[in-house]
Amino acid sequence: MSGPVSLELLSAQLDQLEAEAATAIADAADAAALEQLRVSLLGKKGRLSGLLGAMGRLPGPDRPVVGQRANQLKSQVQELLNSRRTNLDDQAMAARIASETLDVTAPPSGIPTGHRHPLITTTEEIVDLFCGLGYRVEEGPEIETDHHNFTALNIPPHHPARDMQDTFYLEEGRLLRTHTSPVQIRHLEQTPPPVRIVAPGRVFRRDASDATHSPVFHQVEVLAIDEGLHFGHLRGTVMAFLRAFFGDLPVRFRASYFPFTEPSAEVDVQWKGRWLEVMGCGMVDPAVLEGLGLDPARWSGFAAGLGVERFCMVRHGIDDIRRFFTSDLRFLEQF
Ligand code: DAH
């Protein structure tokens, strides 16, 4: 700064600087603008330095007066800059908080969607295949009468077949059904033949739980009654079903015994080099039809029953039936 200087002039210029600085700082829109202001006001080539340079040309006694005032102004401006800076930071934070509102009471968006249990999908697949053959779905109660579960299926009291199907007995001759076969009886009690039904459901036995046994498991029952049905129809139906479900695995029919079918067979599929029993079946015993008031000379038919767990285990290579019932997500999530 050149030209004449005086105490009055410098004081006035310092006053003006103070006023302008205050307004400019208050108006600064962001941190970058503030920094620019700091440089232009307090920097080496800033306005305050200019005024201090001019101070050298004042009469000696006036210098400390201006010097003190200039120093005061410097720290004053520094403070204004700092507080405006804090102010701008606060505003930025407030704006950010407002734009990023978090509702801690909102339900989490990431609840994983479940899916159907492998036993359900296997049951549905089996039932679907029979529906494709013209069967309809029937269901029966899990709490059964002794009559429907045993006697009407040609298993009178004290018949040895009851031994293999010990169950949980309730009051008044009722019990937890040991198989889905009683649905055959219930359906025929209500519906005159011809019938073709498939009956999925949960069954119960007094079995200790191990890798292949569970006191609760699932079956699908199949029943067809019509005029002229013979073992060829049974075999054709079972083969068509097994091929659709398992693909081209070898299948064999083995003579067997069930009180409610005659003749009876068990069906095995070859799997991993072994014969694995997958279902029981047979021609409905005339005694069962007679018990229902149906004339065996006119009506005949076949029935079959299969365990859903076994089908599901073979299909998916599952080694232990207990995995179905322990609700372990590491297992269930694989399906
Ligand atoms: N109810 C039999 C069981 O649980 C399975 C069975 C065998 C069902 C032969 C049938 C059948 O309908 O014909 O062991």
> What list of ³J(HN,Hα) values in whole Hz, one per residue of region 240-255 in order, does the Karplus curve 6.51 cos²θ - 1.76 cosθ + 1.60 (θ = phi - 60°) give from phi, with Gly and Pro shown as x?
Replying inline: 4, 5, 5, 5, 5, 7, 9, x, 8, 5, x, 10, 9, 9, 10, 4
>> Restricting the calculation to Cα positions, tell me the Rg (one decimal) and the Dmax (whole number) of region 1-124 in Å.
In response: 29.5, 108
> Efficiency by 1/(1 + (r/R0)^6): what FRET value for residue 275 and residue 190, r their Cβ-Cβ distance, R0 = 56 Å, to the nearest 0.05?
Replying inline: 0.90
> Which percentage, to the nearest 5, of the DSSP beta bridges contained in the chain is antiparallel?
Replying inline: 95 percent
> Is region 170-272 best put as rounded, prolate or oblate by its Cα gyration tensor, with a ≥ b ≥ c the root eigenvalues, rounded for a/c under 1.5, and otherwise prolate when a/b is larger than b/c, oblate when not?
Replying inline: oblate
>> Could you derive backbone 3J(HN,Hα) for region 181-196 from the dihedral phi with the Karplus parameters 6.51, -1.76 and 1.60 (θ = phi - 60°), listing whole Hz in sequence and x where the residue is Gly or Pro?
In response: 4, x, 5, 4, 5, 4, 5, 5, 4, 9, 10, x, x, x, 10, 9
> In what order do 239, 313 fall by count of nearby beta-carbon atoms within 10 Å, going from fewest to most?
Replying inline: 239, 313
> Once the dipole of the chain is set up with Lys and Arg at +1 and Asp and Glu at -1 on Cβ about the Cα centre, which of 294, 66, 41 lies farthest towards its positive end?
Replying inline: 66
> What is the packing order of peptides 244-250, 228-234, taking the mean over residues of other C-beta atoms within 10 Å and listing the highest first?
Replying inline: 228-234, 244-250
> How much length is gained on full extension from residue 39 to residue 106, taking 0.36 nm per residue of separation minus their Cα-Cα distance?
Replying inline: 19.3 nm
> Which far-off residues, 5 or more places away or on another chain, put their amide H under 5 Å from the one on residue 168, with H placed in the peptide plane?
Replying inline: 176
>> Give me a comma-separated list of calculated 3J(HN,Hα) values for region 87-95, in order, Karplus coefficients 6.51, -1.76, 1.60 applied at θ = phi - 60°, integers in Hz, x for any Gly or Pro.
In response: 4, 5, 4, 4, 4, 4, 5, 4, 5
>> Using square roots of five times the C-alpha gyration tensor eigenvalues, list the equivalent-ellipsoid semi-axes of the chain in whole Å, biggest first.
In response: 100, 19, 17
>> Please give me the summed charge of the neighbours of residue 225: other residues whose Cβ is under 11 Å from its Cβ, Lys and Arg +1, Asp and Glu -1.
In response: 0
>> Please list, ordered by chain and number, the residues whose modelled amide H lies under 5 Å from the amide H of residue 229; skip anything fewer than 5 residues away on the same chain.
In response: 300
> What are the residues whose amide H is under 5 Å from the amide H of residue 261, where those residues sit 5 or more places off or on another chain and H is modelled from the backbone?
Replying inline: 285
> If you stretched the chain out fully between residue 12 and residue 93, how much longer would it get, using 0.36 nm times the residue separation minus the C-alpha to C-alpha distance?
Replying inline: 25.3 nm
> Taking 0.36 nm per intervening residue step and subtracting the Cα-Cα distance, what contour gain separates residue 328 from residue 120 on full extension?
Replying inline: 73.3 nm
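Where a number appears in this text, it was derived from the coordinates with a stated rule and is not lab data. Model, not experiment: these values are computed from the prediction. FYI the Cβ positions are ideal-geometry reconstructions off the backbone, even for glycines, and counts take in every protein chain you see.
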